[in-house]
Amino acid sequence: MDIFKHGIAFLLLVLTAFGTQATSSSPLLHLILPDKREIPLDEAALAALPQTEFETETPWTAGAHRYRGPTLKAMLAAQGLKDVTHVRVTGLNGYQQQFDLAPFAQVPLTLVRYQDDKPLTRRNKGPVWLLMPFSEYPEFDVSPIHSFMVWQLVRIEVIP
Amino acid sequence: MTRRHRHNLLLAAISLLFLFSSVWGLLLQSRHEQLVDIFYRNTHWNISQVMLESQRFLYGLRLYRAGGLEMEALSLDYDLLWNRLDVFLISSETADARARHGLGTVLAGLFDEIKALEPQIQAGALQEGEALDRSQARIAELTRQVEQIGDQILSGQEREASLNQLRQSLFWIQIWQLILLVMGGMLVFALIRTNLQNRRLSLLDPMTRLGNRRALQGQLRQSLQRGRVQALVVLDLKRFKQVNDLLGYQVGDRLLQAVAARLRQAYPGRAYRLGGDEFAVVLAGEQPGLEAEMEAMVSLLQFEFVTRESSFDLACRFGVARAIEGEDADQLLEQAILALNQAKRDNATLIWYQPAMKASLSMGQRQLHQLREWLAGAAPSPLETISETLEDERGQQVLGISLRWRVGQQGCDMDWMQERGILGPVVARLLTDAEQRLPLLLVLHQQSQLAHVLAYLPPLGERTLILALPTLTEDALLLEKLSQRGCVLALRELGSRVPALLRAGWPVRYWLPDPSDHDALLQPLAQQLGLLRLGRSAEVLEGEIRRQGEPR
């Protein structure tokens, strides 16, 4: 009986261990290197990076909110990518944008994961939203820049 | 309002319109970009996305109920539609689209229906039944309305209206750009015109409407390069200063205009005013005819000038310089001016330039420079003092001094020194340097030189200075200075005014006649006036007589 109990407990433990591992390792987005190598980035990988936080209004939300996440630059640097000039970003619904990073050299272009300390969900532009603080940089608050703020971000491709 | 006022006003209006059209053009352009943005991105993209995603969810829902779709796939469509509706109902980008044909209300209704399904979606399965049938029917109806409104906005008349708005905005941008171009062109035209006008004015003498000195130099340079110049004539008006002083400058101006008119008529485009009463004419033609041409010019400018108040005969002085190959404009002008200056000195009508004039001018400048250096104590004297012992009737010896240049041994002229303003300083320096104790005699040519000498004269002390003059006229100021300085005068001619001068207190003590036969006649008069006759001493005369008597 004890052995049976222990056995069940062990089995549950193994299952939950696998289960948690499976959920924690399910990637939020994929980074594609110039050599076509695909690097999956999960919750932990993003959380391990230095976090940036800012409060801003956006054209797609009501009122100002606090946003938090690693900057795109920090994420690329962590992968050993220092001099990236162009990236192509893709959203969950297939929306795609390719743009030059040079204008954003001094701007915290962020892979936002949290809004007001709550993780972004698929129903709220999540799980990752490429965003910058428009309230702090009003000169960027223009239509061509708005196009680059891709929500439900699933894929970042580095263009050589 | 004068023509000039109108012109300025027009120019100001054009400038304003230019500025306005450039600013307005920029504004229109940015508004046009906004319009394009609203049409293509905000309206077109967002509406088509919301239409697409609502339809996808509806068909996903039907497929799921028919067992053809997993919950996971339906959940993705559900979340995407949720996100899309959430954004569409809040975003400032879609504010315009929400207001059209009640799209906002329909979408809000759809969002409520979607939200009502949330617990079942979260649970992982939809509960089949009447409630779900009704919900699906409502979602289908709302999706149909969204589709209908979307089609209305994106196609047909409204789209055409939006495109027309874009075309119209582009048309106005082009109109204003055209205005900008025309105004810019007009401004450039005005600028070029003003520039040309200023250039013309800068070469024109305003009073006589002849070319000025700058015009002459430019024209002369060009003509010399092409070898078209035969000679340059510079002329001035005799007694012009008197005309100005006696008849007024208005008459003087009219006289200048009359001369200019004659010159312009006879030498169109080749007559210039150098300034004051000086004109220049460039002669081009055959060399042999030059003398005849000059004669013609002299007689052209010899005319009676009649004014309301008076009339007088005008005469001019001419200096002519022939053009020689390889000469530049400045040289030729300088030569003609030198010839004119010579004509002024000689009181001649026409003088042709000779190279010697240039040499004498430069020698004069060199001599003047040497004298100045000497007076400043920086160089030895370039002059030699020649002394001649004279005697008055009582046998008192007087030392007559005259000056000559060490180089060339030519006499140094008093008039020459006076013209250059150094007569007084030179005489003062001579007196300071002189060692002789005898009375000194200096022969001057004009009364004005006396004033100049007195102005610089050092204190004489025990010494006597006799200044000889041809004649004297009354001048109270000069007399006062003379008595202050303690100079004595000698006269060369004894006129009828001498007694009056003596009575007035002029310190005339001597008579210095030119050696001639008339001396004897005037001797009694001199004695009567109490003037002592100065002449060469007996010893010198004897010596000369002896030398003349010797056989050659």
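For B:Lys238, which lysines qualify as cross-link partners when the Cα separation must be under 25 Å and same-chain residues fewer than eight apart are set aside?
B:Lys344, B:Lys358
Give me D for chain B in µm² s⁻¹, whole number, from Stokes-Einstein with Rh from the Kirkwood sum over alpha-carbon pairs, 4 °C and 1.567 mPa s.
Numbers: Rh = 35.3 Å.
Stokes-Einstein gives a translational diffusion coefficient of 37 µm²/s.
What size of dipole, in debye to the nearest 20, comes out for chain B about its Cα centre when the only charges are +1 on Lys and Arg C-beta atoms and -1 on Asp and Glu C-beta atoms? Can you show the working numbers first?
Details: 60 positive and 63 negative charges, 334 e Å.
That gives a dipole near 1600 debye.
Under a 5 Å amide H to amide H cut-off, with H placed in plane at 1.01 Å, what residues pair with B:Cys316 once short-range neighbours are removed?
B:Lys238
Compare the Cα positions of A:Leu109, B:Leu440, B:Gly505 along the charge dipole of the protein assembly as shown (+1 at Cβ of Lys, Arg; -1 at Cβ of Asp, Glu; about the Cα centre) and return the one farthest towards the positive end.
So the residue furthest toward the plus end is B:Gly505.
So what are region A:69-160's ellipsoid semi-axes, whole angstrom, largest first, if each one is the square root of 5 times an eigenvalue of the alpha-carbon gyration tensor? Walk me through the intermediate numbers first.
Details: eigenvalues 70, 51, 40 Å².
Each semi-axis is the square root of five times an eigenvalue, giving 19, 16, 14 Å.
Filter the trypsin sites (Lys or Arg not before Pro) in region B:329-400 to those in DSSP coil with at most 16 other Cβ atoms within 10 Å of their Cβ, and list the result. Intermediate values should be presented prior to the final figure.
Working: sites: B:Lys344, B:Arg345, B:Lys358, B:Arg366, B:Arg372, B:Arg394; in loops: B:Arg394.
For trypsin sites (Lys or Arg not before Pro) across region B:329-400 that sit outside H, G, I, E and B with at most 16 neighbouring Cβ atoms in 10 Å, the list reads B:Arg394.
Any idea what the dipole of the protein assembly as shown comes to, in debye rounded to 20, about its Cα centre with Lys/Arg Cβ at +1 and Asp/Glu Cβ at -1? Write out the running numbers ahead of the final one.
Numbers: 74 positive and 79 negative charges, 326 e Å.
I would put it at about 1560 debye.
Measure nothing fancy, just the Cα-based angle from helix B:355-375's long axis to the longest principal axis of chain B, in degrees from 0 to 90, nearest 10.
Taking the Cα atoms of chain B, the angle to B:355-375 is about 80 degrees.
Roughly what would the spin-label model give for B:Glu291 and B:Thr307, points 7 Å off Cα along C-beta, in nm?
Between B:Glu291 and B:Thr307, the simple spin-label model gives 3.8 nm.
For region A:98-142, restrict the atom set to alpha-carbon positions and state the Rg and Dmax in Å.
Here Rg and the maximum Cα pair distance are 11.9, 31 Å.
If a/c stays under 1.5 just call it rounded; otherwise compare a/b with b/c (prolate if a/b is bigger, oblate if not). Do that for the protein assembly as shown, with a ≥ b ≥ c from the square roots of the Cα gyration tensor eigenvalues.
Details: a/c = 5.20, a/b = 3.37, b/c = 1.54.
It comes out prolate by the Cα gyration axes.
What is the distance, in nm, between label points placed 7 Å from the Cα along the Cα-to-Cβ direction at B:Ser448 and at B:Arg200?
Taking the two extended label points, one gets 4.4 nm.
Checking a compactness column here: for region B:162-321, what do you get for Rg(Cα) / (2.2 N^0.38 Å), N being the number of residues?
With N residues counted in region B:162-321, Rg over 2.2 N^0.38 Å equals 1.70.
May I ask which of A:Lys118/B:Lys115; A:Lys125/B:Lys115; A:Lys82/A:Lys118; A:Lys73/A:Lys125 have a Cα-Cα span longer than 24 Å here?
Details: A:Lys118/B:Lys115 20 Å; A:Lys125/B:Lys115 17 Å; A:Lys82/A:Lys118 30 Å; A:Lys73/A:Lys125 21 Å.
Cα-Cα > 24 Å for A:Lys82/A:Lys118; rest within.
Of B:Asn42, B:Gln410, B:Leu9, which is farthest on the positive side of the dipole of chain B, counting Cα position, with +1 on Lys and Arg Cβ, -1 on Asp and Glu Cβ, and the Cα centre as origin?
It is B:Gln410.
Roughly speaking, what is the stretch gain from B:Leu27 to B:Ala99, that is 0.36 nm per residue apart minus the C-alpha to C-alpha distance, in nm to one decimal? Working shown, then result.
On the way: separation 72, 0.36 × 72 = 25.92 nm, distance 2.61 nm.
Working it through step by step, the gained length comes to 23.3 nm.
Please identify the trypsin sites (Lys or Arg not before Pro) of region B:218-268 that satisfy two criteria: DSSP loop assignment and at most 16 other Cβ atoms within 10 Å. Which are they? Numbers along the way, then the final one.
Values: sites: B:Arg221, B:Arg226, B:Arg228, B:Lys238, B:Arg239, B:Lys241, B:Arg254, B:Arg262, B:Arg264; in loops: B:Arg226, B:Arg228, B:Lys238, B:Arg239.
Those that pass, being in a loop and sparsely packed, are B:Arg226, B:Arg228, B:Arg239.
What is the distance, in nm, between label points placed 7 Å from the Cα along the Cα-to-Cβ direction at B:Gln250 and at B:Glu141?
Result: 10.5 nm between the two label points.
Which one, B:Leu220, B:Asn83, A:Ser143, projects farthest toward the positive side of the charge dipole computed for the protein assembly as shown from Cβ point charges (K/R +1, D/E -1)?
Final value for the positive-end residue is B:Leu220.
Longest segment of chain B with no GluC sites (Glu not before Pro) in a DSSP loop having at most 14 other Cβ atoms within 10 Å?
Values: sites that count: B:Glu70, B:Glu128, B:Glu286, B:Glu309, B:Glu325, B:Glu435, B:Glu462, B:Glu474, B:Glu493.
Segment B:129-285 is the longest.
May I ask for the Kirkwood hydrodynamic radius of region B:390-458, worked out over all distinct Cα pairs and given in angstroms to one decimal?
Working: mean 1/r = 0.0758 Å⁻¹.
About 13.2 Å, per the Kirkwood formula over Cα pairs.
Just to confirm my numbers, what's the Cα centroid distance between region A:84-160 and region B:296-312 in Å?
After rounding, the separation between the Cα centres reads 96 Å.
Each value in this text was obtained by applying a stated rule to the coordinates, not by laboratory testing. Predicted, not measured: the structure shown is a model, and the values here were computed from it. Cβ coordinates were reconstructed from backbone atoms using ideal geometry, including for glycine residues, and neighbour counts include every protein chain displayed.
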